[in-house]
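Below is one structure; the comments refer to it alone.
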Amino acid sequence: MLKNSLMCTYLSCCDYYRPQLFLLENVQGFLYCLEGKILPLTMKCLLRMGYQCTFARLQAGNYGVPQSRL
């Protein structure tokens with residue numbers, strides 16, 4: 001399902017380099033991709049790697065970005 005996806009590549013990089021922390025930013029479509037299965041699968045992978053995960057929908061304008069993405 002995710003073999004050739006950008007998310008798979010990102011997760012592989014996290015697994016290889018093991019940064020202390022990182023931010024995964026994506027657009028709203030990520031929530032609904034493949035019937036909403038990608039987000040839980042991504043978080044499950046990160047948890048198995050030993051990361052603590054938090055999901056939040058943020059309004060970019062609240063952080064100095066001159067656009068709305070919600």
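The values are calculated or read from the model by the stated rules, or taken from the named source; none is laboratory data. Only a predicted model underlies this, so the values are computations on that prediction, with no experimental measurement involved. Glycine gets a Cβ as well: all are built from the backbone with ideal geometry, and neighbour counts include every protein chain shown.
Within the range 25-45, work out how many residues are among the hydroxyl-bearing types (Ser, Thr, Tyr) and either under 12 Å from Ser5 (Cβ atoms) or touching a residue at least 40 places away in the same chain (Cβ under 8 Å) (or both).
1
Tell me, which residue of the range 9-27 that is surrounded by 10 or more Cβ atoms within 10 Å (Cβ to Cβ), under 11 Å from the mean Cα position of the chain (by Cα) and not hydrophobic (A, V, I, L, M, F, W, C) is nearest to Cys45 (Cα to Cα)?
Tyr10
Only one of Pro66, Pro40 is in a loop (DSSP other than H, G, I, E, B), modelled with pLDDT of 85 or more and exposed (fewer than 11 other Cβ atoms within 10 Å of the Cβ). Can you tell me which?
Pro66
Does Tyr51 meet the test of being in a loop (DSSP other than H, G, I, E, B), aromatic (Phe, Trp, Tyr) and under 15 Å from the mean Cα position of the chain (by Cα)?
For Tyr51, the condition - in a loop (DSSP other than H, G, I, E, B), aromatic (Phe, Trp, Tyr) and under 15 Å from the mean Cα position of the chain (by Cα) - is met.
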